[in-house]
Amino acid sequence: MLKKILIIIIIIAGEAFSQNKIFIYMDLQQTDHLRAYGITFNALRKGLKADWLLNYRGGSFLIEYNDQVANECRVEGVAFDLISTSQAAEIYSTVQRDDNNMDVMRLEKAPKIAVYVPPNFNPWDDAVTLALDYAKIPYDKIWNDEVLRGDLSKYDWLHLHHEDFTGQYGKFYASFSNAQWYIDAQMTYENDAKKNGYKKVSVMMRDVATTIKNFVGSGGFLFAMCSATDSYDIALAAHNTDICAQMYDGDAADPDAQSKLDFSNTLAFQNFKLEMNPYIYEYSSIDVQPAEIGSQENDYFTLFEFSAKYDPVPTMLTQDHVNVIKGFMGQTTMFHKDEIKPSVIILAERQVTNQVKYLHGNYGRGTFTFYGGHDPEDYQHAVGSPPTDLSLHKNSPGYRLILNNILFPAATKKKQKT
Amino acid sequence: MLKILCLIFLFGAGSIYCQYLSDDNNRYMQGQNYETAGYPEKAKEIFEDLYKRNPSNLQYFNSLNRIYISLKQYDLSVRILEEKLAIDAQNINLYGLLGSTYYLMGNETRAFSVWEDGIKNASNNPINYKVIAQYAIDRRAFEKAIDFMKRGKKISDNPLLFSSDLANLYFLTMQYKDAAEEYLSIILRSPGQYLLVQNGLLSFTNKPDALQATIEVFEKKRDKDNINLSYILASLYMQSKSYEKAYNVYSEIDIKSKSKGIELFRFAQELYNEHEYDFAAKVFMDIIEKYLSSPIISSAKLGYAKALEENFDNNNNTVSDWKPFAFNKTADPQRVNEIINNFSEIVKIFPNSESAYEALYYIGNLKYNRLNDFEGAKEIFNKLITDAPKSQFTTKSYEELGDIYIQEGNLNKSKEIFQKLIENGSIPESEKNYSRYKEAKISFYEGNFNSGRDLLNNVIISYKDNNSNNALELDLLMNTEANDSSNLVIFANAEYLSEQKKFSQARDQYLIIAQNQKVFVLQNLAKLRVAEMDIAMDNYDSSIKLLQEIADEKEKNIYSDKALYLQGNIFQYAKKDNNKAIEIYENLLARFPNSIYLDDARASINKLKNKIS
């Protein structure tokens, strides 16, 4: 009898020890790539340790076993395997072999996330908010008041909503100046500027941009999409001049604004030419025009492959289950390569063109990542377009790039290999 | 000779003067071109020259001032404006422009004082206030503009001239209560401005807190004699979903305008469109009771019956929808008959019309599905088929009839009906496929498996047809078990009994197969059916036990995931034990990661967890 009990105990113990890692594979077998990020993020919030297996099965996650996490995976529809320590050891050994372009990145602490959005925004107007909500990753919404009073120091990661930092209200004047949403938005900004002691929205936005830059400089992670990318750098470059026409800030733009741009003050772009016509829906020459892209059928961008062991950050940012991704437009769709600073790393581009989709750079102790386009699953997202239902795009490679940015600040910094 | 010389001189001088003028015009156009092409300095040079030579020309003056502003040379703008004012001190626009320049310079105090000076020149002229307010609006100094407008309104004989502008300014500055007050003053003084007020209010009543503030303003000045005011108040109540209050106002409007129920009818239609069936029925009934001779009485009756039917469906549909098999959803006969009577009245009022056929179809349906009155339903459907062979409700009536005959056990009659539909050249193929599927099912019940499969062949190949899945399932069953026809006959009989809602008898038949170890696929399905029959008869404990047995068979029973899912359903809907239901659904997710019930189980877990939290 005792013998039987012992055997049962050994079997149970064996079972328990043999299943002590949750392996979330991220290749084409994964059923819901986007929620997998949420599972990993929330496991970190619970204090569990996770490893990001760069370039291993699409950039998989290995999380220490926890009943709740396993159950969450099932409920959220995230495919995973329960693996033993010996199986895990085998994976680690494969990943760390010198002849494999793979590496392990330990994720330790979930970053504190802030999303910069105006109070009247609709969630579907911002792909990042959609992705965070879908993946069930918690975040705080902040706006100018919070930025200007120094609240950014409470956060590790900041996303800039589809935004115009130049104070030109998205340059929608020609098409939408009589639309109620435009009138409301302008009033909201003007009231906010007044509240914060500014006579002009453009001046307030310039100070907001500078505060955000300081946040990056002191170690923050910045992620911007669509028009928040170029309009942000334009606002920084225009800190000594007035680029807004009368309908935007009450007085005329400085006729010499172009020559007064200070490119040393920007993060990513240089030598661009401003679009000073207030009726043209474009900020500058940074953005790639639809005519340059051609037809939607040919609009694809390619992710660069980086050395996982030597360039872990760009590798993390480009983890995906495919490396050619369908393009998508936005107020700012892509960036002209010749207007990007040489220090910036290009993560994705349209091959055989000068069109860059995704870039990354360092400033001070922090980093910035810019991703062109508005919504990776809605080719031409227009004002008033319905929200994208991400439950229909669970495996979106374009959206994955956004979520890579959420997890990469959780990675433990390693010494650069030499 | 002298005369000729004089003429030549005059002609020459005129010609030079014209040339001079034409030259100025050309230069002015050149200046404008420089301005639009982005060379403001060159434009300035030209405008300065032109203005210097012709200071009384307003066009040159305005262009020069504009170019000074765009070049931010505000001092120069002030200089020419002050020069002009020295000559023309009564010109209100010059004060407006000068104030604007000071405002752009950032000197708000000076700007306001200049604007005030302009008004002082003719402070009894309300238009001056409006002109200066417009300059303030252009500079987006809205609070100052409100101040000017308010003062202008005070001294004006026609305050309405200011109300609309003031309302807009209050709206822009999010002072919704004040905006509503202005609109109210418009409708009180000028009821004909109803549309302007209505549109103005609509532009902001969707903002947070604005609707309630507006309602309070309009309620305070309620004047039952002002119908337009009442219309606005009623629409505000509709927006805030205060239907009872809206109803009271519409009733008053109806009486006041002697509309004989038309106003109330519109209101009821609006409620119906908003899916507020309960309230819509109440209003339709009110019209029927109060305005028997009104021209809209027939429409009101139809509206009433439809609202009742919709409301009835909403309240009765979800109770047993989760069950794989269930008895007909019978309901309080008195209530159902009340609805039937209303439809019957429509049949009488509009004989031989599509509305009457629609009403007949509703009656038949209610008799069949809610009262279990098969004979009554058959009579109605037969009447519809005979009276209106081309109505859009005829095919549906045939199908209902076919189903009734199956329930009554008259398979031949049912087959005959479905065959008629298959042979009917005027109905769409999808409807025919439905009839083919039903006829195949009848063949299956009768044990004629070969003819059943023949009928299904047509349906299966129609991939886009909704019936093709059901057809495939039935075909698979008949194919797989074709070699064991005696057991298949028993199973088919059990299926027939279950369709007839004879669940107890069906359970006995299923049990025979379930206990037979030799019929593998049929046995698995029969076991599940036994549990489903128990669910239909509310024998939940017995079904839970059976379902657990099936689930424990794991991969040996292809229905083990469905068994777990049904168990979760029982705990969720019948036993109302949400924690247990979640536990079972989670168990399903863990044990059957490829089950087709995963999405439903996940949705249930999320729904129940939200409920619990």
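Details
- Options B:Ser426, B:Ser391; residue that is touching a Lys or Arg at 6+ places or on another chain (Cβ under 9 Å), farther than 23 Å from B:Phe325 by Cα and among the small types (Gly, Ala, Ser): B:Ser426
- Options B:Phe325, B:Phe343; residue that is surrounded by 14 or more Cβ atoms within 10 Å (Cβ to Cβ), modelled with pLDDT of 85 or more and either in contact with a strand residue (DSSP E or B) (Cβ under 6 Å, 6 or more places away or on another chain) or in a loop (DSSP other than H, G, I, E, B) (or both): B:Phe325
- Output for region A:167-225, where each listed residue is of a type in the set (D, E, K, R) and either away from every other protein chain (no Cβ under 14 Å) or closer than 27 Å to A:Ile280 by Cα (or both): A:Lys171, A:Asp184, A:Glu190, A:Asp192, A:Lys199, A:Lys200, A:Arg206, A:Asp207, A:Lys213
- Of everything in region A:242-273 that is among the polar types (S, T, N, Q) and over 19 Å from B:Gly106 (Cβ atoms), the residue that is nearest to the other protein chains (Cβ to nearest Cβ) is A:Gln258.
- Restricting B:Ser397, B:Ser391 to those that are under 38 Å from the mean Cα position of the chain (by Cα) and part of a helix (DSSP H, G or I) reduces the list to B:Ser397.
- Residue satisfying condition, being polar (S, T, N, Q), within 11 Å of chain A (Cβ to nearest Cβ), more than 32 Å from the chain's Cα centre (by Cα) and loosely packed, with under 15 Cβ neighbours inside 10 Å, within set B:Asn579, B:Asn594: B:Asn594
Yes/no per residue for (1) modelled with pLDDT of 95 or more; (2) among the charged types (D, E, K, R):
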{"position": "B:Asn121", "(1), (2)": "no, no"}
{"position": "B:Ile132", "(1), (2)": "yes, no"}
{"position": "B:Asp138", "(1), (2)": "no, yes"}
{"position": "B:Pro159", "(1), (2)": "no, no"}
{"position": "B:Thr173", "(1), (2)": "no, no"}
{"position": "B:Tyr176", "(1), (2)": "no, no"}
{"position": "B:Tyr183", "(1), (2)": "no, no"}
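- Residues of region B:278-322 that are of a type outside the set (S, T, N, Q) and part of a loop (DSSP other than H, G, I, E, B): B:Tyr291, B:Leu292, B:Pro295, B:Ile296, B:Val319, B:Asp321, B:Trp322.
- Scanning region A:59-69 turns up one or more residues that are out of contact with any strand residue (DSSP E or B) (no Cβ under 8 Å at 6 or more places or on another chain) and within 14 Å of chain B (Cβ to nearest Cβ).
- Just one of the listed residues (A:Leu82, A:Leu62) is at pLDDT below 95, among the hydrophobic types (A, V, I, L, M, F, W, C) and either loosely packed, with under 13 Cβ neighbours inside 10 Å or under 19 Å from A:Ala43 (Cβ atoms) (or both), namely A:Leu82.
- Positions within region A:272-288 being surrounded by fewer than 13 Cβ atoms within 10 Å (Cβ to Cβ) and at pLDDT 95 or above, in sequence order: A:Lys273
- Tabulated pairs, region B:52-67, first of a type in the set (Gly, Ala, Ser), second assigned to a helix (DSSP H, G or I), C-beta under 6 angstrom, 6+ apart or interchain: B:Ser63/B:Phe47
- Look at (1) surrounded by fewer than 23 Cβ atoms within 10 Å (Cβ to Cβ); (2) within 14 Å of B:Tyr496 (Cβ to Cβ) and you find that B:Phe444 fails only one, number (1).
- Qualifying positions in region A:337-375 - more than 20 Å from A:Lys213 (Cβ to Cβ), surrounded by fewer than 20 Cβ atoms within 10 Å (Cβ to Cβ) and either touching a residue at least 24 places away in the same chain (Cβ under 8 Å) or among the aliphatic types (A, V, I, L, M) (or both): A:Asp338, A:Ile346, A:Gln351, A:Val352, A:Thr353
- Residue match in region B:220-231 (condition: over 30 Å from B:Asn365 (Cβ atoms) and in contact (Cβ under 8 Å) with a residue 40 or more places away in the chain): yes
- Evaluated against (1) within 19 Å of A:Arg74 (Cα to Cα); (2) part of a helix (DSSP H, G or I), B:Lys527 falls short on exactly one condition, (1).
- A:Thr367 being of a type in the set (Val, Ile, Thr) and part of a strand (DSSP E or B): yes
- Residue among B:Ser426, B:Ser462, B:Ser414 that is outside any helix (DSSP H, G or I) and under 25 Å from B:Asn365 (Cβ atoms): B:Ser426
- Scan of region B:476-518 for residues that are in a loop (DSSP other than H, G, I, E, B) and under 26 Å from B:Asn539 (Cα atoms), ordered by number: B:Gln500, B:Lys501, B:Lys502, B:Gln515, B:Asn516, B:Gln517
- When residues of region A:381-398 are limited to those that are under 19 Å from the mean Cα position of the chain (by Cα) and assigned to a loop (DSSP other than H, G, I, E, B), the one nearest to A:Ser227 (Cα to Cα): A:His381
- Residue in region A:259-271 that is farthest from the chain's Cα centre (by Cα), counting only those that are of a type outside the set (A, V, I, L, M, F, W, C) and surrounded by 17 or more Cβ atoms within 10 Å (Cβ to Cβ): A:Gln270
- Scope region B:85-138; condition surrounded by fewer than 22 Cβ atoms within 10 Å (Cβ to Cβ) and within 14 Å of chain A (Cβ to nearest Cβ); matching residues: B:Leu104, B:Met105, B:Gly106, B:Asn107, B:Glu108, B:Thr109, B:Ile137, B:Asp138
- Qualifying positions in region A:46-69 - touching a residue at least 12 places away in the same chain (Cβ under 8 Å) and acidic (Asp, Glu): A:Asp51, A:Glu64
- Residue that is nearest to A:Ala209 (Cα to Cα) [pool: residues in region A:122-177 that are touching a His at 6+ places or on another chain (Cβ under 7 Å) and in a loop (DSSP other than H, G, I, E, B)]: A:His162
- Pairing residues of region B:254-276 that are more than 11 Å from B:Asp286 (Cβ to Cβ) and modelled with pLDDT under 95 with residues that are of a type in the set (Val, Ile, Thr) and outside any helix (DSSP H, G or I), at Cβ distances under 7 Å and at least 6 apart in sequence or on separate chains, gives B:Ile262/B:Ile296.
- Remark: pairs (first residue in region A:70-91, free of Cβ contacts under 8 Å to residues at least 24 places away in the same chain and within 14 Å of another protein chain (Cβ to nearest Cβ); second residue surrounded by 16 or more Cβ atoms within 10 Å (Cβ to Cβ) and of a type in the set (Phe, Trp, Tyr); Cβ separation under 9 Å; 6+ apart in sequence or on different chains) = A:Arg74/A:Phe80; A:Val75/B:Tyr585.
- Residue match in region A:292-305 (condition: modelled with pLDDT of 95 or more, surrounded by fewer than 23 Cβ atoms within 10 Å (Cβ to Cβ), in contact with an Asp or Glu (Cβ under 7 Å, 6 or more places away or on another chain) and of a type in the set (A, V, I, L, M, F, W, C)): yes
The values are calculated or read from the model by the stated rules, or taken from the named source; none is laboratory data. Every value quoted in this text rests on a predicted model; they were computed, and no experiment measured them. Here the Cβ is made from the backbone with ideal geometry for all residues, glycine too, and neighbour counts use every protein chain on show.
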